[in-house]
Amino acid sequence: MISKIERFSVHDGPGIRTLVVLKGCPLKCLWCSSPYTQNPGQELLYVKRNCQGCGICIPSCPQKAIAMDADNKYVKTDRSVCTGCGNCVSVCPNGAREISGRHYTSEELLHELEKDAVFFRRSGGGVTIGGGEPTMQAEFVRDILFRCRRLHIHTAMETSGFTSWTKFSSILEHLDLLYMDIKHMEEKKHIEITGVSNRLILQNARNASEHNEIILRLPVIPGLNDSEKNILKTASFARSLGKNILRLELLPYHQFGEHGYDELERTYTLEKIKEPPDEHMKRLQEIARTADIEVAVGG
Ligand code: SF4
Ligand code: SF4
């Protein structure tokens, strides 16, 4: 189940890359910039700025999930009964409704990826699997990476690392480069901001670092995980994993994903948090470097 395929990406590994964004994620990070990838199934998106409030979509819904809003100006959808069937999408004359998520077979996806092979070859790029959490579709990911490797396409994956070691290791053997997020070093805080413990993630990072080259990433969210103590602890952890950790990337929080919450008719809870200033990021970079590892700001 794929949310989208992004071509010509230059932030998800070396060279020009094609990023495959999978659906489904067991974490619920408060700052998630792609909330439409959290649900593992197909999901309705509503682009309010395109809606004319004509109401044509209302009778098309077999679940009776759509109604006019309190002001009778737009429509609202009861997400608890919406099945993502897509009936309302096809009748909307203004393109205000769409379905996120589409099933691909391995063959279909590989066919799409091979179209970009010439760019991969010329730029030293390749395919990156991201999400969502790609390990939720471990068998599919493993198959795609195996086939890419057979075609001499460089492979990378972006993951939270929140998965069983059995699944994780079955994918790692087909990977050239692994990106892993470390969102907080303290378990209690990690649960607060992502909904899950970090124990499995840290153990998987330790195991993976024995054989795979890894770039660790810390999304820097002001007030949630950007204390000097946490930055230094994360950098020291990265250092402890040895030479296969290529660098630690500090990714400054941004608000680009906010509209994604609107399209899902969900509330974005971090709207008061501002993007961290450059000086703050530089300061955190200096602190992290004291752990004697390479640290970059941004991806
Ligand atoms: S059919 Fe489209 S434009 Fe009309 S109310 Fe429904 S979403 Fe809005
Ligand atoms: S996707 Fe289907 S179930 Fe959901 S609101 Fe549209 S018509 Fe109703």
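Every helix of 4 or more DSSP H residues in the chain counts as -39500 (n - 2.57), and over all residues that averages to -8500 deg cm²/dmol at 222 nm. A dipole drawn for the range 246-297 from +1 and -1 charges on Cβ atoms has a positive end, and of Pro276, Ile287, His254 the residue lying farthest that way is Ile287. When only the Cβ of Lys, Arg, Asp and Glu is charged (+1, +1, -1, -1), the dipole of the chain relative to its Cα centre reaches about 120 debye. Normalised by the number of residues in the range 9-146, the average gap of Cα pairs under 8 Å and 6 or more apart makes the relative contact order 38 percent. In the chain, Cα pairs under 8 Å separated by at least six residues give a relative contact order of 18 percent. Taking every DSSP bridge with both residues inside the chain, close to 30 percent are antiparallel.
Suppose R0 equals 22 Å; then what is the FRET efficiency for Glu258 and Cys85 from their Cβ-Cβ distance, rounded to the nearest 0.05? For R0 = 22 Å, the calculated efficiency reads 0.20. Looking at the range 209-299, the trypsin sites (Lys or Arg not before Pro) that sit in a DSSP loop and have at most 11 other Cβ atoms within 10 Å of their own Cβ are Lys243, Lys272, Lys274.
Here the ratio of the Cα radius of gyration of the range 238-293 to 2.2 N^0.38 Å is 1.58. Over the range 205-299, all Cα pairs binned in 5 Å intervals from 0 give whole-percent P(r) values of 2, 13, 22, 19, 15, 11, 9, 6, 1, listed from short to long. Of the chymotrypsin sites (Phe, Trp or Tyr not before Pro) in the range 165-265, the ones in a loop by DSSP (not H, G, I, E or B) with at most 10 other beta carbons within 10 Å are Phe256. A crude spin-label estimate for the pair Ser60 and Val10, with each label 7 Å from Cα along the Cβ direction, gives 3.9 nm.
With viscosity 0.890 mPa s and temperature 25 °C, the Kirkwood radius over alpha carbon pairs of the range 68-150 converts through Stokes-Einstein to a diffusion coefficient of 149 µm²/s.
For the range 251-299 versus the range 2-78, the inter-centroid distance based on Cα atoms is 23 Å. When you filter the trypsin sites (Lys or Arg not before Pro) in the range 23-112 for DSSP loop state and at most 12 other Cβ atoms inside 10 Å of their Cβ, you are left with Lys28, Lys64, Lys73.
Enclosing the Cα atoms of the chain in their convex hull gives a volume equal to 144 cubic angstrom per residue. Taking the inverse of the mean 1/r over every pair of distinct Cα atoms in the range 1-127 gives a Kirkwood hydrodynamic radius of 16.8 Å. Summarise the accessible area of the chain (1.4 Å probe, protein heavy atoms) by the percent that is carbon and sulfur. Here it works out to 50 percent.
The values are calculated or read from the model by the stated rules, or taken from the named source; none is laboratory data. Model, not experiment: these values are computed from the prediction. Because the Cβ atoms are built from the backbone with ideal geometry, glycine has one as well, and the counts that use them run over all protein chains shown. Areas reflect the complete protein model, heavy atoms only, side chains present, ligands, DNA and RNA absent. Shrake-Rupley method; radii C 1.70, N 1.55, O 1.52, S 1.80 Å.
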